[in-house]
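The structure under discussion appears below in the form of structure tokens.
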Ligand SMILES: Cc1cc2nc3c(=O)[nH]c(=O)nc-3n(C[C@H](O)[C@H](O)[C@H](O)COP(=O)(O)O)c2cc1C
């Protein structure tokens, strides 16, 4: 580490197991690769990220096509609005086979999967990658996902988090099944493992029951890293209680400072060490050899967006069909209360200054589906690094979740142009100093049951 900057940024690539990045227009970009249904597509990116000494590539997830707009999948499929969504855990393994150090995260839902399944899947992934795995905990968002799992409708926002709290207790409880050192594997004396170090869970909650033990031993990093991105009051308290790394979304440095401070306060209120939980906002990067080149690249990426992208994606996350609704008709209080993504709704209300915003306000304020959704760091390597340094040293983050405007080019540009500049400033590593994801992130390796001893979880 550079003596000038002992604190270094966490760099995370925001990946999607789909036909585009989370910027839909990316699949239409002339420089994008189109072999997204092959392992080579993901392995190519994995090698680039490992060359750039990234902490992690992480995959988001959604358990349905965006088909709420017009109650149909036709527009989504026709225009490729995230129409493909493959299982992220299998793709994560394909990337693991092409790398040795890169951390790998995947999103799995607490609303639609079973805790035993999630505990076993991620514990196994963590063994197969020698301790490089993270689980992004989401509660999911909409009725399309509910319908794919045979449910009538998606659960109400806060109830999803209440259920998710129990889900975490079961998953972490199952991960505690095997203490470190439980495996003996003494062939001569027929002692495979120490039964005193392998425990049942016998969990009985309001929503879940699980007996245990989990038939998967602990990994090199103890257990997978926990990621979360709750942003509402309830979401933030959930993230503060459980996560090792929080994903955030804020539009400016000023807003970032407030949200970052609020997160660190909330983590302290959960009686955890705020330094032990990293906060990283999602940002899009456009870097060029000259400023003009960067601006031209941004303009080209911007030209690939279509109005259907934003409409389909807004309906998806808000769980509301905009298709039959007059563009300027205000949503009623009841309609706003029923929307799924509370923090997005609250931002539209705040920025538009309207208590009851309309579809137009949601489209214009959110910028969803366009390059204007969320912040862009644009310019030469020096200019981009300046912006990152300002956020990082200015009390707005511990690192960045890097979104791609086209794939794999956005990541290749970042690694070729920005990474050396960050290294020169001592803000990014020049070599991996550890092997596990926890080591990359500077997090302690947990012992079995540690999570029960800290903070609010200690009341269990
Ligand atoms: C960087 C980032 C990644 C996210 N990934 C997912 C995801 O993969 N799947 C999902 O359903 N929600 C995802 N979300 C949404 C969050 O889980 C959460 O629902 C959202 O931030 C709203 O917060 P709230 O639930 O507290 O209202 C993501 C959010 C951010 C900022």
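The values are calculated or read from the model by the stated rules, or taken from the named source; none is laboratory data. As the structure is a computational prediction, the values presented were derived from the model and not from experiment. Backbone-built Cβ (ideal geometry, glycine too); neighbour counts: all protein chains shown.
No other residue among 419, 401 is out of contact with any helix residue (DSSP H, G or I) (no Cβ under 7 Å at 6 or more places or on another chain), assigned by TED's automatic domain parsing to the domain that holds residue 263, under 30 Å from residue 297 (Cβ atoms) and away from the ligand (no atom under 16 Å from the Cβ) apart from 419.
Residues in the range 28-50: is at least one in contact (Cβ under 8 Å) with a residue 60 or more places away in the chain, in a strand (DSSP E or B), under 20 Å from residue 89 (Cα atoms) and in contact with a strand residue (DSSP E or B) (Cβ under 6 Å, 6 or more places away or on another chain)? No, because not a single residue in the range 28-50 is in contact (Cβ under 8 Å) with a residue 60 or more places away in the chain, in a strand (DSSP E or B), under 20 Å from residue 89 (Cα atoms) and in contact with a strand residue (DSSP E or B) (Cβ under 6 Å, 6 or more places away or on another chain). Annotation note: Cβ proximity below 8 Å between a residue of the range 261-284 that is on the phi > 0 side of the Ramachandran plot and touching a residue at least 12 places away in the same chain (Cβ under 8 Å) and a residue that is part of a helix (DSSP H, G or I) and surrounded by fewer than 22 Cβ atoms within 10 Å (Cβ to Cβ) (sequence gap 6+ or interchain) occurs for 271/455; 271/456; 271/458. Can we say residue 226 is at pLDDT 95 or above, surrounded by 15 or more Cβ atoms within 10 Å (Cβ to Cβ), on the phi < 0 side of the Ramachandran plot and not in a loop (DSSP other than H, G, I, E, B)? For residue 226, the condition - at pLDDT 95 or above, surrounded by 15 or more Cβ atoms within 10 Å (Cβ to Cβ), on the phi < 0 side of the Ramachandran plot and not in a loop (DSSP other than H, G, I, E, B) - is met. Beta carbons closer than 6 Å, at least 6 apart along the sequence or on distinct chains, pair a first residue in the range 220-232 that is under 14 Å from residue 266 (Cα atoms) with a second that is near the ligand (Cβ under 7 Å from one of its atoms) for 229/247; 230/236; 231/343; 232/342; 232/343.
Those helices (runs of 4 or more DSSP H) of the range 297-414 in which at least 3 residues are in contact (Cβ under 8 Å) with a residue 40 or more places away in the chain, considering only elements entirely within it, cover 307-318, 342-352, 359-366, 381-393, 409-413.
Based on what the data block shows, is residue 61 assigned to a loop (DSSP other than H, G, I, E, B) and in contact (Cβ under 8 Å) with a residue 60 or more places away in the chain? Criteria met by residue 61. Report yes if residue 294 is away from the ligand (no atom under 16 Å from the Cβ), buried (at least 22 other Cβ atoms within 10 Å of the Cβ) and modelled with pLDDT of 95 or more, otherwise no. Yes; evaluated as a whole, the condition is true for this residue. Answer yes if at least one residue in the range 226-238 is over 18 Å from the mean Cα position of the chain (by Cα), closer than 17 Å to residue 108 by Cβ and within 14 Å of the ligand (Cβ to nearest atom), and no otherwise. Within the range 226-238, none of the residues are over 18 Å from the mean Cα position of the chain (by Cα), closer than 17 Å to residue 108 by Cβ and within 14 Å of the ligand (Cβ to nearest atom).
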